[in-house]
Amino acid sequence: MLLPKRNIFFTIIAFIVLFGIGFWLGGKSVVCEICPPADVDFSLFWQAWSKLQENYINPEALDVQKMIYGAISGMVKSLEDPYTVFFDPGETKMFNEDTSGRFEGIGLEIGIKKGQLQVISPLEGTPAQKAGIRTGDKILKIDDTQTIDISIEEAVSLMRGPKGTEVTLTILRDEWETPKEFKIKRAVIEIPSLKWELKDDIAYIKLYQFPEKIDSDFAKIAVEILNSPAKKIILDLRNNPGGYLQRAQDIAGWFLEKGEVVVIEDYGAGKEQITHKAEGNAKLLGYPMVILINQGSASAAEILASALRDNRGIKIIGETSFGKGSVQKLEELRDGSSLKITIAHWLTPKGALITDVGLEPDIKIGMTEEDYEQNRDPQLDKAIEILQNL
């Protein structure tokens, strides 16, 4: 998920409905309740609406509000963009809770890749992680609901629920011949932003996501690292699903010279690109470092990793990242519903588009079933080895 201030990279998005907008014309304020485009004929829609009202066998089931929401949803789904979506008021509230870092559920970041609902990452310390759900797992069913053609928002809604209740996920993993069921108890999810520890003379920094407050959290640990015996840094972005674009830019400013390019937003043919540059103090610039990524590294995590590699030649270790390279904006509608709209693609500082491709590591190392079972971490071991030999 990636959210520049009001703009959101992540995983869900919007479309603008012109309700109650005032504008000035000839010195007078003119209010347009609904301004349909002059070149679009809506008569077919209203004809279908009328036929339902006249003929449907169960007229008391015709919920006008649901029908309107359904029509907007269908319009958005026709774009076939899994990150452009309509949220009714309840879903809008849920989305805002997600970005605040506290909600009730099982703690999974999910996405759709090649038409398949799959796990981007289980969030740190959550019921999903403790149950053994892993990055890259394919979700075939949520309770009794098949996930074929399901939207991300529908899947999130099915997995969300009051703490103490259970949800069953049917999971297929690449190493398995047949799917397995995971019964997971929901809980209050509070997602940490980061942690760090000293490994000999190496500062190991783990970023779990990029919430609004990560800039202040990172500033605190940066001071601790600067005052520690650390001489080198490992930046672990594995299973980091992203967050706010601005926060990735803020953190990049600790590692890059002021003015170096962090990410480029491309709004399509004929529109101006926006370049986001490092604006920080560069106090960690002199530390030799490596970066860890995997299939669960997405959005803002991919932006930070590519910015450090493109500008400083920092080695990336692990597995190919998820490939979430689009920018979304949340547009709030007048009744509390909203649209999350893909408005741009982001490019690496060298101009590469990573949507559905991801970042390729410089040193590719996977994790086996046995590694997970025995709590081994060959990716981290390789990162330490490289830094020790510098």
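The values are calculated or read from the model by the stated rules, or taken from the named source; none is laboratory data. A quick note: this is a predicted structure, and the numbers were derived from the prediction, not measured. Cβ: placed from backbone, ideal geometry, glycine included. Neighbour counts: every protein chain shown.
Can you find even one residue in the range 210-218 that is touching a strand residue (DSSP E or B) at 6+ places or on another chain (Cβ under 6 Å) and under 27 Å from L158 (Cβ atoms)? Break it down stepwise before answering.
Step one: of the range 210-218, the residues touching a strand residue (DSSP E or B) at 6+ places or on another chain (Cβ under 6 Å) are 210-211, 217.
Among the residues that remain, those that are also under 27 Å from L158 (Cβ atoms) are: 210-211.
Within the range 210-218, one or more residues are touching a strand residue (DSSP E or B) at 6+ places or on another chain (Cβ under 6 Å) and under 27 Å from L158 (Cβ atoms).
Is it the case that some residue within the range 348-360 is without any contact (Cβ under 8 Å) to a residue 12 or more places away in the chain and not hydrophobic (A, V, I, L, M, F, W, C)? Show your work before the answer.
Quick first cut of the range 348-360, residues without any contact (Cβ under 8 Å) to a residue 12 or more places away in the chain only: none.
The answer is no, given that none of the residues of the range 348-360 is without any contact (Cβ under 8 Å) to a residue 12 or more places away in the chain and not hydrophobic (A, V, I, L, M, F, W, C).
Of the residues in the range 172-193, how many are surrounded by 13 or more Cβ atoms within 10 Å (Cβ to Cβ), within 28 Å of G366 (Cα to Cα) and in contact (Cβ under 8 Å) with a residue 40 or more places away in the chain?
Within the range 172-193, residues that are surrounded by 13 or more Cβ atoms within 10 Å (Cβ to Cβ), within 28 Å of G366 (Cα to Cα) and in contact (Cβ under 8 Å) with a residue 40 or more places away in the chain number 5.
Given the conditions (1) assigned to a helix (DSSP H, G or I); (2) over 16 Å from the mean Cα position of the chain (by Cα); (3) of a type outside the set (D, E, K, R), which single one is not true for I303?
(2)
Report, by residue number, each residue of the range 303-326 that is within 14 Å of V263 (Cβ to Cβ) and out of contact with any helix residue (DSSP H, G or I) (no Cβ under 9 Å at 6 or more places or on another chain).
A305, S306, R309, D310, S326
Could you grab me the full set of residues in the range 277-300 that are in a loop (DSSP other than H, G, I, E, B), of a type in the set (A, V, I, L, M, F, W, C) and more than 22 Å from V223 (Cβ to Cβ)? Working first, answer last.
Let us first name the residues in the range 277-300 that are in a loop (DSSP other than H, G, I, E, B), namely 278-288, 294-299.
Those left that are additionally of a type in the set (A, V, I, L, M, F, W, C): 278, 282, 284-285, 298.
A298 - this is the single residue of the range 277-300 that is in a loop (DSSP other than H, G, I, E, B), of a type in the set (A, V, I, L, M, F, W, C) and more than 22 Å from V223 (Cβ to Cβ).
Return yes or no: is V64 modelled with pLDDT of 90 or more and touching a Phe, Trp or Tyr at 6+ places or on another chain (Cβ under 6 Å)?
Working: modelled with pLDDT of 90 or more: yes; touching a Phe, Trp or Tyr at 6+ places or on another chain (Cβ under 6 Å): no.
So V64 does not fit the description; no.
Say we look at the range 236-264 and pick out the residues that are surrounded by fewer than 24 Cβ atoms within 10 Å (Cβ to Cβ) and touching a Pro at 6+ places or on another chain (Cβ under 8 Å); which of these is modelled with the lowest pLDDT?
Step by step, filter the range 236-264, then rank; the result is Q246.
Based on what the data block shows, is I303 surrounded by fewer than 19 Cβ atoms within 10 Å (Cβ to Cβ), at pLDDT 95 or above, among the β-branched types (V, I, T) and within 22 Å of Q118 (Cα to Cα)?
Details: surrounded by fewer than 19 Cβ atoms within 10 Å (Cβ to Cβ): no; at pLDDT 95 or above: yes; among the β-branched types (V, I, T): yes; within 22 Å of Q118 (Cα to Cα): yes.
Criteria not met by I303.
Inspect the range 230-242 for any residue being of a type in the set (V, I, T), over 19 Å from K324 (Cβ atoms) and part of a helix (DSSP H, G or I) and give the result as yes or no. Working first, answer last.
Filtering the range 230-242 for residues of a type in the set (V, I, T) gives 233-234.
From what is left, the residues that are over 19 Å from K324 (Cβ atoms) are 233-234.
Then keep just the ones that are part of a helix (DSSP H, G or I); that gives none.
No, every residue in the range 230-242 fails to be of a type in the set (V, I, T), over 19 Å from K324 (Cβ atoms) and part of a helix (DSSP H, G or I).
Per-residue answers, yes or no, for (1) over 23 Å from the mean Cα position of the chain (by Cα); (2) farther than 25 Å from E80 by Cα:
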site	(1), (2)
A131	no, yes
L140	no, no
M159	no, no
K185	yes, yes
E197	yes, yes
F210	no, yes
F218	no, yes
L226	yes, yes
I233	yes, yes
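Please enumerate the residues belonging to the range 173-200 that are at pLDDT 95 or above, closer than 18 Å to R134 by Cβ and not in a loop (DSSP other than H, G, I, E, B).
Those that are at pLDDT 95 or above, closer than 18 Å to R134 by Cβ and not in a loop (DSSP other than H, G, I, E, B): K180, E181, F182, K183, I184.
For the range 265-276, how many residues are assigned to a loop (DSSP other than H, G, I, E, B) and either under 11 Å from G351 (Cβ atoms) or at pLDDT below 90 (or both)?
Taking the range 265-276 as the starting set, the residues that turn out to be assigned to a loop (DSSP other than H, G, I, E, B) are 267-273.
Now drop any that are not either under 11 Å from G351 (Cβ atoms) or at pLDDT below 90 (or both), which leaves 268-273.
Result for the range 265-276: 6.
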